[in-house]
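For reference, the structure is listed below as structure tokens.
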Amino acid sequence: MIKNIFSKTTAKLFAKLNIKRWPSFSQWKNLPSLFSNKERYFILGAGMLAIISLIGWYIAYQLTTTIVVPKHGGSYTEGIIGTPQYINPVLCQTSDADRDLTELIFSGLMKYDSEGKLVPDLAERYAVGDEGKVYEFFLRKGVTWHDGESFNADDVVFTIQIIQNPDFKSPLFSIWHGIEVEKVDDYTVRFRLKEPYAPFIFNTTVGILPKHIWENINPPEFFLTDLNLKPIGTGPYKLRRIEKGKEGTIKTVQLESYENYHFGEPFIKKIVLKFYINEENLVKAYNKGEVEGLGFISAQNLSKLKNKEIALNILELNLPRYFAVFLNQSKSKILSDKTVRLALNYATNKEQIIKEILLGRGTPVYSPIPKGVFGHSENIKIYDFALEHAKNLLEAAGWKENKDTGFREKVLKNGENPSVLSFTLITTDWPELEKVANLLKEQWEKIGAKVDVKILNIAEIQQDYIRPREYEALIFGEVLGPDPDPLPFWHSSQKKDPGLNLALYQNNKVDKILTEARTIFDPEKRKEKYEEFQKLVVDDAPVIFLYNPYYLYSVDKKIKGIKIKNIPLPSKRFSGIENWYIKTKRIKKESN
């Protein structure tokens, strides 16, 4: 119908103009005067309909023949708690701020992917020989440092030897001590272990230093050289600028994508990290628009972020860690009583802690290998919250309630006055742990335990309590690897500093299991050992396992391509950052 009307209108128009050929410009110019208002509106509407149809067709064509892909460009600013000091993979282990920067700038032989699994990085592949005592890494060719120099085996050997030299005082010394490293050729490196050690491969995620820059730095200068703040790596981002405040501390670090990165130049062109002294200042900075994302936010402070539902993606990441109350039986006669330890376990309401303090953002923990970590076993005893059962255990063991004080007492030795069921619980001044300590005090007092809570700063706790083991009960966290080696945390040889056996736990069977497990390469057989280990520890109840909080990472919604879920360390939230993107473009689909 429209076609007929258009043909008649065109014929009418040509007849009026006495036109037998295509109109000239002057004739087109006089065209509107030849139509009535009704005809003008019709032609205008038909023209608009044609244009809209054409646009719709073009959009449909684009949608069916092209796809959206990331495009290089854009910038992202993130706020971080702490102050960088050593942007150096050999020294960065004691600071999250240093770890974050090192993660972006340096590469290791191996790295973690977005699922927390180990994959090759500077190495293309590796091979294990001599029954687990020899590891050979075959390096990628064509990898370059940020200054354009070529990477090779000399850099790997140099870095490991720096770590192994006690004069350089690397925090990684203990895990690399006694391991031989040698250059086989320019792109092959061999490590030789004295004994098989299954988790060794995880040590090789350490970032590699460029020998040509660091080889003339002596041990006394290693901590002081300005090279620690002028990093040259092979990672996805390179240093662009460091900005310091009036007092000389680093306030901002600007990074830019490395165009020759061996996995391809990252899509986000510019990353800016800003540093703040504490979480309170970080929250204020976000609310003022100084940063677009937060490297970490506690559940308690999450509600203080403005427009978080609109602007942020709050990622709940799983870390292989747990918080627990470590009971020092050698320091407290009360806590050496297994009945008391069992009663405290049953009187601990973990769900209440998670609900009220973590605001539901965490999971309860019942064993030394938490859920989601390799080797975790469900086949263990669970100390569910059971207040009356806890009271009955104490009552049956002779711990009687003093009606005047409400606390339980027991004569522990003939001829002595009754001892009160009391002990001191210490933890750091981190707000979350302070609240946990006070809530535990409330929970345990319901079964007649007298608990004194002492809150201290982390430096004081480390120096005056943890190192000399001068505490009765300690709330603290332990971070494991994705493939954990529990020996440093639970073997009796680790009871003294610098060991990490904070419960001063000793069990000969456990010692034997842990020593054997680290030499077993068959995952299923190692899991069996870990299951046996967990049963023994849980039955002995040397600690009160509490919870594993989610690591809350807040990222601006403009950032796409983030796939991380499980991370072994907070800095590993940047795993796969080369695939994150802000800008997009459309390209033609590949034909089949």
Test: residue in the range 218-225 that is open to solvent by less than 40 Å² (accessible area, probe 1.4 Å), within 14 Å of Phe106 (Cβ to Cβ) and either touching a residue at least 40 places away in the same chain (Cβ under 8 Å) or over 29 Å from the mean Cα position of the chain (by Cα) (or both)
no
Residues that are open to solvent by less than 40 Å² (accessible area, probe 1.4 Å) and either modelled with pLDDT of 95 or more or in a loop (DSSP other than H, G, I, E, B) (or both), drawn from the range 403-421
Gly406, Arg408, Leu421
Count of the range 541-574 residues which are touching an Asp or Glu at 6+ places or on another chain (Cβ under 6 Å) and either part of a loop (DSSP other than H, G, I, E, B) or farther than 27 Å from Glu351 by Cβ (or both)
4
Residues being more than 24 Å from the chain's Cα centre (by Cα), closer than 25 Å to Ser575 by Cα and either among the charged types (D, E, K, R) or open to solvent by 60 Å² or more (accessible area, probe 1.4 Å) (or both): count how many of those fall in the range 156-210.
1
The condition of being closer than 21 Å to Val537 by Cβ, surrounded by 15 or more Cβ atoms within 10 Å (Cβ to Cβ), β-branched (Val, Ile, Thr) and under 20 Å from the mean Cα position of the chain (by Cα) holds, among Thr348, Thr363, only for Thr363
What is the one condition in (1) touching a helix residue (DSSP H, G or I) at 6+ places or on another chain (Cβ under 6 Å); (2) over 21 Å from Thr424 (Cβ atoms) that Lys355 does not satisfy?
(1)
Pick from the range 321-372, criterion among the basic types (Lys, Arg) and assigned to a loop (DSSP other than H, G, I, E, B), ranking: nearest to Asp384 (Cα to Cα)
Lys371
Taking the range 456-483 as the search range and keeping residues that are surrounded by fewer than 17 Cβ atoms within 10 Å (Cβ to Cβ) and of a type in the set (A, V, I, L, M, F, W, C), which one is modelled with the highest pLDDT?
Leu456
Considering only the range 236-268, state which residues are hydrophobic (A, V, I, L, M, F, W, C) and either surrounded by fewer than 18 Cβ atoms within 10 Å (Cβ to Cβ) or part of a strand (DSSP E or B) (or both).
Leu239, Ile242, Ile250, Val253, Leu255, Phe263
Scan the range 145-168 residue by residue and report those that are aromatic (Phe, Trp, Tyr) and part of a loop (DSSP other than H, G, I, E, B).
Trp145, Phe151
Would you call Ser554 farther than 24 Å from Lys381 by Cα and modelled with pLDDT under 95?
no
Residue that is surrounded by fewer than 19 Cβ atoms within 10 Å (Cβ to Cβ), on the phi < 0 side of the Ramachandran plot and part of a strand (DSSP E or B), where the choices are Asn313, Asn281
Asn313
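The values are calculated or read from the model by the stated rules, or taken from the named source; none is laboratory data. The model shown is predicted, which means the values in this text are computed figures rather than measured ones. Glycine gets a Cβ as well: all are built from the backbone with ideal geometry, and neighbour counts include every protein chain shown. Please note that ligands, DNA and RNA were not included when accessible areas were found on the heavy atoms of the full protein model with its side chains. Shrake-Rupley method; radii C 1.70, N 1.55, O 1.52, S 1.80 Å.
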